[in-house]
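Single-structure report; data block below.
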There are 2 protein chains.
Amino acid sequence: MGESLTESRTETTLPAPCGQRGTESGKTAGAPERRGPIGTQRDGGAAPAEGHEAVVLLERARAEVDPVLRAALGSLPGPMRRIALYHFGWEQSDGSPAEGGSGKAIRPALVLAAAAALGGPEARAGAARAAAAVELVHNFTLLHDDVMDRDATRRHRPTAWTVFGDADAILAGDTLQALALRLLAQDPHPASPAAARLADCVIELCAGQHADTALERCAPAEVTLDGVLAMAEAKTGALLGSACAIGGLYAGASDEEVAALDAFGREAGLAFQLIDDVIGIWGDPSRTGKPVGADLAARKKSLPVVAAFASGTPAAAELAGLYARPGEKEDLDHIALTVERAGGRDWAQGQAADRMARAMQQLARAVPDPEAAGGLLALLEFVTRRTS
Amino acid sequence: MGESLTESRTETTLPAPCGQRGTESGKTAGAPERRGPIGTQRDGGAAPAEGHEAVVLLERARAEVDPVLRAALGSLPGPMRRIALYHFGWEQSDGSPAEGGSGKAIRPALVLAAAAALGGPEARAGAARAAAAVELVHNFTLLHDDVMDRDATRRHRPTAWTVFGDADAILAGDTLQALALRLLAQDPHPASPAAARLADCVIELCAGQHADTALERCAPAEVTLDGVLAMAEAKTGALLGSACAIGGLYAGASDEEVAALDAFGREAGLAFQLIDDVIGIWGDPSRTGKPVGADLAARKKSLPVVAAFASGTPAAAELAGLYARPGEKEDLDHIALTVERAGGRDWAQGQAADRMARAMQQLARAVPDPEAAGGLLALLEFVTRRTS
């Protein structure tokens, strides 16, 4: 995780996830292997009673950022506006109004909480455009990832490419990226390095998505833990880190504080991904206690599975045999047990706890005053669902 | 063309190219209908003897901008860097070096010529990053357009998506857009409105590409001249206008000068497109005098064809019958003659001359000193090939 503190992330090359070259032709259509980004996770997040402070922060972020987002989307040319408003859940595909459903605003909430933590209410108020820009970048990547991954459903609705076609979904994503960077470029209260940092983050997100698709084409035995962790950091951690860092920039934070905020968000993103992957195999104990199964049914190389493969145990060898026979759903309980026997569950839970601890260390470095750090801590607990 | 002078182009909604809604599913794969962007046109542009000043300007732009581009691309994560270097013609698909072929640098040359026209050599030197950013935006749109249009060849090589797959070509395009905006955001000599203007331009380019694909799905009789001209302005004129405007911004130009430079580039882009479409049907008289044919064989709704359809003449009705029978290549000479009899050729040549005249008027407004305007004028003549 040494890279997570460096400033020039685009110089970093992700470790190859496996021995394969990255130049193969595209992935087979229809594979339902996409990781769930934060805010769209399986169980809908913690109930209000479990994380009241975070829920209040998320609702407040939504209320502050939505008007900025709606104004920005409203400025787009007609067809692109229509696709964007559909994707955000604000319009039906025929242009009639729809009821919300545009996600939990975790990334905007992190921008605003980081600005508030280091700069108080004034910095928070000044960071609304930046928070909207981060949310636009997130949604640009969702539009494109859904095209690439052939995912047909997002936020309980048909994905944009299934409704408007691949070309228009790609163009709408391109448009949202440009809109995000325009919002920062036109900010009347700019934090000058914020635009470059957000552009850097986009470059890292693309590298992460590339690594994810490359990884799914690898044989399981070829996937390395370093490779899959680096992919998860680029794909999930980078934008959470950038959200926190950009919030810090809007509060006039020092380089060291910004670096610590970035590392906090990255560790939080990795902790989220580890826990989400555990729930994807064994279910959420607080909810059902039963395996969810979809990740294993798709033979997804999630973090616990890769750890199990890498364990060198007899169970790892058995798992390789099971993963080589796709589509046999009746084996799911047995595969889950095999991943557990190979140590995949313990590793993932231990890693998640470790990442949480590192996130809290970075938070203490960035925001030593515990009261000021409360908002960011509540959001960390929310995304990792360790709220009770 | 009133819109071409306005500042807030993203507020402008393109006229629907036909009565159709924009929500249909994607275009059929394989249709070879893509318009040739400037720099990749059919006949390779004017020979040096015909436009010596422009050739010198283009070579100089290439020499000044290539090092900036190579450094920017070199900073990308490995897989994205490899795709970008392949697309630019600087590497083979296996990563070994390749010989150039990255286009004629018309857009960077316009940035630098506009900066020089209004700010002299110092402004020109300071605009190299902006020129590279404009070239990156152009190449991001090429990568994505090739995916959407299923174009298999670009600059005499297989397109990136045919080599690396759709997903990686989309990601490489996303990366180049971010890199362009990062270059401007990190410019040590920034012209502050330049980044917002470039982002605005991307939004317009996407709307133009959307209109182009929507137009190709329309029945010919439904396509309007206003619609197809607006599409050509958004798809071809916008980036040429932005290149000139951004060059002006780097020279500290006034709002009025910047608006005139933008209008100059837009008119030049439309003149180019009109002439390119004429050559696409009747060939370049200075070269062969024979029809090229590919546009008609693909039943492309190019500007002369749409003008012919809109003429209300008996020849227009005959043309509708001919366009309704795709694939009969033996009719090409007859179709070309029918477009001509319906007035499509005269209209396009008259429009092109009109756009050239308007471009020169705008240039005189932006740069009253003829000597200072010489570079931009030479580039206008080059792109419209009226160099003798």
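The values are calculated or read from the model by the stated rules, or taken from the named source; none is laboratory data. Note that the structure is a prediction, hence the values are computed from the model and not measured. Ideal geometry is used to build each Cβ from the backbone, glycine not excepted, and the neighbour counts take in all protein chains shown. Accessible surface is based on the protein model in full, side chains and every heavy atom, while ligands, DNA and RNA are left aside. Shrake-Rupley method; radii C 1.70, N 1.55, O 1.52, S 1.80 Å.
General observations
- Gained length - A:Q349 relative to A:Q92, 0.36 nm times residue gap less alpha-carbon distance: 88.5 nm
- With R₀ fixed at 25 Å, the C-beta to C-beta distance from B:A125 to B:H52 puts the FRET efficiency at about 0.60.
- Occluded residues from segment A:139-160, i.e. those whose accessible area drops by 30 Å² or more once the chain is not alone (1.4 Å probe): A:M148
- Shielding by partners, peptide B:68-80 (average Cβ within 10 angstrom, other chains): 4
- Value of relative contact order over segment A:86-138, rounded to a whole percent, pairs C-alpha under 8 Å and six or more apart: 26 percent
- Rounded to whole Å, sorted largest first: equivalent-ellipsoid semi-axes of segment A:48-384, Cα gyration tensor: 34, 25, 17
- Kirkwood hydrodynamic radius (C-alpha pairs) into Stokes-Einstein, segment B:130-231, 4 °C and 1.567 mPa s, D in µm²/s: 86 µm²/s
- Accessible solvent surface per residue of segment B:336-388, calculated while the other protein chains remain in place, 1.4 angstrom probe, Å²: 45 Å²
- The mean number of partner chain beta-carbon atoms within 10 angstrom of a residue's beta-carbon across peptide A:184-190 is 4.
- A Förster radius of 45 Å combined with the Cβ-Cβ distance from A:E222 to B:S254 puts the calculated FRET efficiency at roughly 0.15.
- For segment A:182-333, pairs of C-alpha atoms spaced more than 26 angstrom apart make up 39 percent of the total.
- Alpha-carbon centroids, segment B:309-355 and segment A:215-245: separation in whole Å: 55 Å
- Nearest-to-axis residue of chain B, judged by beta-carbon position, where the axis maps B onto A, in Å: B:L181, 2
- Magnitude of the charge dipole, segment B:163-300, Cβ model with Lys/Arg +1 and Asp/Glu -1, debye to 20: 380 debye
- Carbon/sulfur fraction of accessible area - segment A:132-245, other protein chains in place, 1.4 Å, %: 56 percent
- Under the shape rule built on the C-alpha gyration tensor, where the axes satisfy a ≥ b ≥ c, segment A:219-303 is oblate, since a/c reaches at least 1.5 while a/b does not exceed b/c.
- Out of every Cα-Cα pair that segment B:336-388 contains, those further apart than 17 angstrom amount to 47 percent.
- Residues losing 20 Å² or more accessible surface upon assembly, segment A:161-181, compared with the chain by itself, 1.4 Å: A:V163, A:F164, A:G165, A:A167, A:D168, A:I170, A:L171, A:D174, A:T175, A:Q177, A:A178, A:L181
- Relative contact order of segment B:253-375: 37 percent, from C-alpha pairs under 8 Å at least 6 residues apart in sequence.
- Summed buried accessible surface, chains B and A, 1.4 Å probe, nearest 100 Å²: 4100 Å²
- Whole-percent P(r), segment A:89-169, all Cα pairs, 5 Å bins from 0: 3, 14, 19, 19, 16, 11, 8, 6, 2.
- Subset of A:K235/A:K301; A:K235/A:K300; A:K104/A:K300; B:K104/B:K300; B:K235/B:K300 violating a 23 Å alpha-carbon distance limit: A:K104/A:K300; B:K104/B:K300
- Label point of A:G252 (7 Å along Cα→beta-carbon): distances to the other copies' equivalent points are 2.9 nm, sorted ascending.
- Residue mean of other protein chain beta carbons inside 10 Å, A:194-205: 6
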